[in-house]
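First the structure, in the form of structure tokens, and then the observations on it.
The values are calculated or read from the model by the stated rules, or taken from the named source; none is laboratory data. Everything numeric here is computed off the predicted structure, so don't read it as measured data. Neighbour counts run over all protein chains shown; Cβ positions are idealised from the backbone, glycine included. Quick note on the areas: whole protein, heavy atoms, side chains included, nothing else; ligands and nucleic acids left out. Shrake-Rupley method; radii C 1.70, N 1.55, O 1.52, S 1.80 Å.
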Amino acid sequence: MKILVTGATGFVGKTVVKQLIASNEFCVALLVRQPNLASTLFGESVELIVSGNSMREKIIEFNPDLVLHLAAFISNASDTETVNQLVDSNILFTTKLLEALSATDCSFFINVGSFLESVNVNGSVSPSNLYAATKAACRPILQYFKEIYQWKWVNVILYTPYGRVNRRKKVIDYMIEALDSTEPIPFTNGYQVLDFIHVDDIARFFYLLLKQVPNLPNDFIEFQLGSGVGYDIREIANIIEDISGKKVNADWGRLPYDKINPMRSVAQIALAKDVLGWTPEIDIQSGIKILLEENAILKTK
């Protein structure tokens, strides 16, 4: 199967792509903005298509069977420059990609979204921030292309990834920075419950999905990708302290919650188990231990 991957140099993408390459089961091409970074990460083992004016022609030439769309611009800001980047990266780029694919033999499109899109039980969408709103805005666009070109569309709603050093820091990364910090690090009150999913479990999910996607029974299916277990931020701080033997110097309540802040976000993972045979293998204690080792706070055995 010929697979085109976007977002390959991101935190999740680089782990997923390395697993796909290691499996030696797929012909992989990467649609990237930074070819030098991609070459450093993956060597010469994959074809690179650089986003830009010639992107459409190169995608048509590669002629993928399946696209794994991991790319996204993420920001909590809403200034003019950020709005432009959110729209360009999450809506315009996705639409250009879909239009280019319409001239290929592509049959499967896997779109990766965020739990912050907050799809309700009745199917309506209630985004928690502007980033999530731009991701959710692609749904009718995807629906249009799916119907016109008879693709199978798999939507994957990703919860809170963690597990290795991430250049774009998330809450666990800031907690690790706060270990024995001389100055307290500001956090919210810390009572929001999140579902933390280790990046290695994410990579294994996508590997299984790619192997089985041609056999999926429906032309649309949506998976929630998390651990299925929720922890509030203060519980995570306690786990980090227990494993590291150090104190998270947190100034709880210094930061306000987001204006629209889901206080409990936990994935329903039964569908992934039933359809793909996937369940997470790395619990939060093991995952944090791996992360502390990567940050050289714990010695690697």
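Note on segment 148-284: Kirkwood radius taken over Cα pairs, Stokes-Einstein applied at 25 °C and 0.890 mPa s, translational D equal to 147 µm² s⁻¹.
Computed over protein heavy atoms with a 1.4 angstrom probe, the accessible surface ordering of 193, 156, largest first, is 193, 156.
Once both axes come from the Cα atoms, what is the angle between helix 130-149 and the longest principal axis of the chain, in degrees from 0 to 90, rounded to 10? Around 20 degrees separate the two axes. Relative contact order of segment 149-301, taken over Cα pairs closer than 8 Å and 6 or more residues apart, is 36 percent. Among beta bridges identified by DSSP and lying wholly in the chain, the antiparallel ones come to about 10 percent. Neighbours of residue 95, meaning other residues whose beta-carbon lies under 14 angstrom from its beta-carbon, give a summed charge of +3 when Lys and Arg score +1 and Asp and Glu score -1. Length, then width, then depth: along the principal axes, the Cα atoms of the chain run 56, 43, 41 Å.
Projected label points at residue 167 and residue 141, each 7 Å from Cα along the beta carbon direction, are separated by 2.5 nanometres.
Translational diffusion coefficient, Stokes-Einstein: compute it for segment 214-301 using the Kirkwood radius over C-alpha pairs as Rh, at 10 °C and 1.306 mPa s, and state it as an integer in µm² s⁻¹.
98
In percent, rounded to a whole number, the relative contact order of segment 17-120 is 27, using alpha-carbon pairs under 8 Å and six or more apart. Here's the picture: a label point sits 7 Å out from the Cα of residue 238 along the beta-carbon direction, and within segment 165-180 the residues with their amide nitrogen under 18 Å of it are 172, 175-176. Contact order for the chain, expressed relative to its length and based on alpha carbon pairs under 8 Å spaced 6+ residues apart, stands at 17 percent.
Inter-label distance, residue 264 to residue 88: 4.1 nm, where each label sits 7 Å from its Cα along the C-beta direction.
Assign one of three labels to segment 217-262, namely rounded, prolate or oblate, based on the Cα gyration tensor with a ≥ b ≥ c the square roots of its eigenvalues; rounded applies when a/c is under 1.5, prolate when it is not and a/b is larger than b/c, and oblate otherwise. Because a/c hits 1.5 or more and a/b fails to exceed b/c, segment 217-262 counts as oblate.
Once all protein chains are placed together, residue 45 keeps about 70 Å² accessible to a 1.4 angstrom probe. Per-residue ellipticity at 222 nm from helix content only, as computed over the chain with -39500 (n - 2.57) for each DSSP H run of at least four residues, stands at -11500 deg cm²/dmol.
Ligands, DNA and RNA left out, the accessible area of segment 19-169 computed with a 1.4 Å probe is 50% carbon and sulfur.
Can you tell me the 0 to 90 degree angle between the C-alpha axis of helix 233-244 and the longest principal axis of the chain, rounded to 10? With rounding to tens, the tilt is 70 degrees.
Using a 10 angstrom cutoff on alpha carbons, build the Gaussian network for the chain and name the most mobile of 112, 50, 199. Its mean-square fluctuation being the largest, the pick is 50.
Modelled spin-label separation between residue 249 and residue 220, with each label point placed 7 Å from Cα along the Cα-to-Cβ direction: 5.1 nm. For the set 170, 259, the ranking by accessible area, highest first and with no ligand, DNA or RNA atoms included, is 259, 170 under a 1.4 Å probe.
With 31 Å as the limit on Cα-Cα distance, the pairs of 18/246; 152/259; 96/169 that go past it are 18/246; 152/259.
Computed with a 1.4 Å probe over protein heavy atoms only, the accessible surface of the chain comes to 48 Å² per residue.
Between helix 11-23 and the chain there is an angle of about 60 degrees, using the helix long axis and the longest principal axis of the Cα atoms.
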